[in-house]
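Here is the structure we will look at.
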Amino acid sequence: MTTLAIAAIGLRKSYPGKDGDKVVLDGIDLAVPEGTIFSLLGPNGAGKTTTVQILSTLTPADGGTIQVAGHDLARKPDDVRGAIGVTGQYSAVDKLLTGEENLLLMADLHHLSRRDGKHKAKELLERFDLVEAGGKTAATYSGGMQRRLDLAMTLVGDPRLIFLDEPTTGLDPRSRRSMWQIVRDLVSTGVTIFLTTQYLEEADELADRIALLDHGRLIAEGTAEELKRLIPGGHIQLTFTDTKLLDAARDLVGVGATDPEALTLQVPSDGGVRAVRELLTLLDERSIDVAEMSVHTPDLDDVFLTLTGQKQEITR
């Protein structure tokens, strides 16, 4: 049986407004297995930040039952706080302190002994490739280095569940990919990551499951591939060695667009394994040889735009 790091049923939250209460979360359900990366996507104002604030004990929910890291959020918030880490969009690094001093400060806040604090700081500086920079003030760090230090500070308390809110905003592509590898390494040790991001490519690269939040409701959830198959436009492209085979395939399949010059046939499909297998079996039974095959599905940007009607930033 799968153990859940987060289990929320009927999560609700409203805020007072001029025209009555504004519903921010309208009864959402979340199930995040331990040792996985779960990404929550949504347009601005969808309720992503409120969700993280509630799950990390910063804001009380108006309704719903919530278990975080095995603890009831309403009855045992202190136990929840002891089991989680939060790395927000805006760095918690004190730029007037050195990297090592920032880590030692966090060790003090976690009530580690001086000896254990120094050992933990040394370990994290090595883990995040900050040994040479450890004695320098954080103000001299690049954006990528500051984000690595910020995450290292979160790990001082050895959390088993980490909330990452926009972890790579403002980073260059190389620093972003470095952070992605750090996240993957964390998960390989059993840590659970709850990720919110404005970069759809980031969710596509990292997340085991993705949920799409819009106007306080979850409108879609699944793996990246499952979400992409929700959107029309996917197809299987077949390439043949001559026009005779191309024409035979088109007549047999009965649908699709041909390109006589490229000798290709595009067959509408969700790109699933079953659909690909059935198509290739059909062609094989008629001895129609396929030279090349590729599967094309919409990307997460298409999913986001279609389901929410809003364009989301994506990096390539």
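The values are calculated or read from the model by the stated rules, or taken from the named source; none is laboratory data. On a predicted model such as this, the values are computed, not experimentally measured, just so you know. A quick note on method: Cβ atoms are made from the backbone with ideal geometry, for glycine too, and the neighbour counts reach across all protein chains shown.
Mind checking which residues of region 111-130 are over 14 Å from D150 (Cα atoms) and loosely packed, with under 14 Cβ neighbours inside 10 Å?
H111, S113, R114, R115, D116, H119, E126 - these are the residues of region 111-130 that are over 14 Å from D150 (Cα atoms) and loosely packed, with under 14 Cβ neighbours inside 10 Å.
If you go through region 3-16 one residue at a time, do you hit one that is closer than 30 Å to L305 by Cβ, of a type in the set (A, V, I, L, M, F, W, C) and in contact with a His (Cβ under 9 Å, 6 or more places away or on another chain)?
For region 3-16, residues closer than 30 Å to L305 by Cβ, of a type in the set (A, V, I, L, M, F, W, C) and in contact with a His (Cβ under 9 Å, 6 or more places away or on another chain): absent.
Can you give me the number of residues within region 62-112 that are in a loop (DSSP other than H, G, I, E, B), of a type outside the set (D, E) and within 23 Å of T169 (Cβ to Cβ)?
Selection size over region 62-112: 9.
Please verify whether region 221-243 includes one or more residues that are in the same structural domain as P173 (by TED's automatic domain parsing), among the hydroxyl-bearing types (S, T, Y) and at pLDDT 90 or above.
Looking for residues that are in the same structural domain as P173 (by TED's automatic domain parsing), among the hydroxyl-bearing types (S, T, Y) and at pLDDT 90 or above, one finds at least one in region 221-243, hence yes.
Please determine whether any residue of region 28-43 is over 19 Å from I84 (Cα atoms) and free of Cβ contacts under 8 Å to residues at least 12 places away in the same chain.
No, the conditions are met nowhere in region 28-43.
Counting only residues that are assigned to a loop (DSSP other than H, G, I, E, B), modelled with pLDDT of 85 or more and under 24 Å from T223 (Cα atoms), how many does region 270-316 have?
0
Taking region 78-94, which residues are touching a Pro at 6+ places or on another chain (Cβ under 9 Å) and farther than 19 Å from F38 by Cα?
G82, the sole residue that qualifies.
What number goes with the only condition from (1) of a type in the set (A, V, I, L, M); (2) in contact (Cβ under 8 Å) with a residue 24 or more places away in the chain; (3) not assigned by TED's automatic domain parsing to the domain that holds P33 that V255 does not pass?
Of everything listed in (1) of a type in the set (A, V, I, L, M); (2) in contact (Cβ under 8 Å) with a residue 24 or more places away in the chain; (3) not assigned by TED's automatic domain parsing to the domain that holds P33, V255 misses just condition (2).
Could you list, in sequence order, the residues of region 85-105 that are modelled with pLDDT of 95 or more and under 10 Å from T154 (Cα atoms)?
L103
Just one of the numbered conditions (1) assigned to a helix (DSSP H, G or I); (2) more than 36 Å from the chain's Cα centre (by Cα); (3) among the hydroxyl-bearing types (S, T, Y) is not true of T258; which one?
For T258, the failing item is (1).
Among the residues of region 237-252, what is the count of those that are touching a residue at least 40 places away in the same chain (Cβ under 8 Å) and among the β-branched types (V, I, T)?
Residues in region 237-252 being touching a residue at least 40 places away in the same chain (Cβ under 8 Å) and among the β-branched types (V, I, T): 2 in total.
For region 193-231, name all the residues that are touching a residue at least 60 places away in the same chain (Cβ under 8 Å), in a loop (DSSP other than H, G, I, E, B) and of a type outside the set (D, E, K, R).
Matches in region 193-231: T197, Q198, Y199, A207, H215, G216, L230, I231.
Return the residues of region 156-191 that are closer than 18 Å to V68 by Cα and at pLDDT below 90; say none if nothing qualifies.
D165
Step by step: first the residues of region 1-26, then only those that are of a type in the set (G, A, S) and surrounded by fewer than 15 Cβ atoms within 10 Å (Cβ to Cβ), then the one that is modelled with the highest pLDDT. Which residue is that?
Among those residues, the one meeting the criterion is G10.
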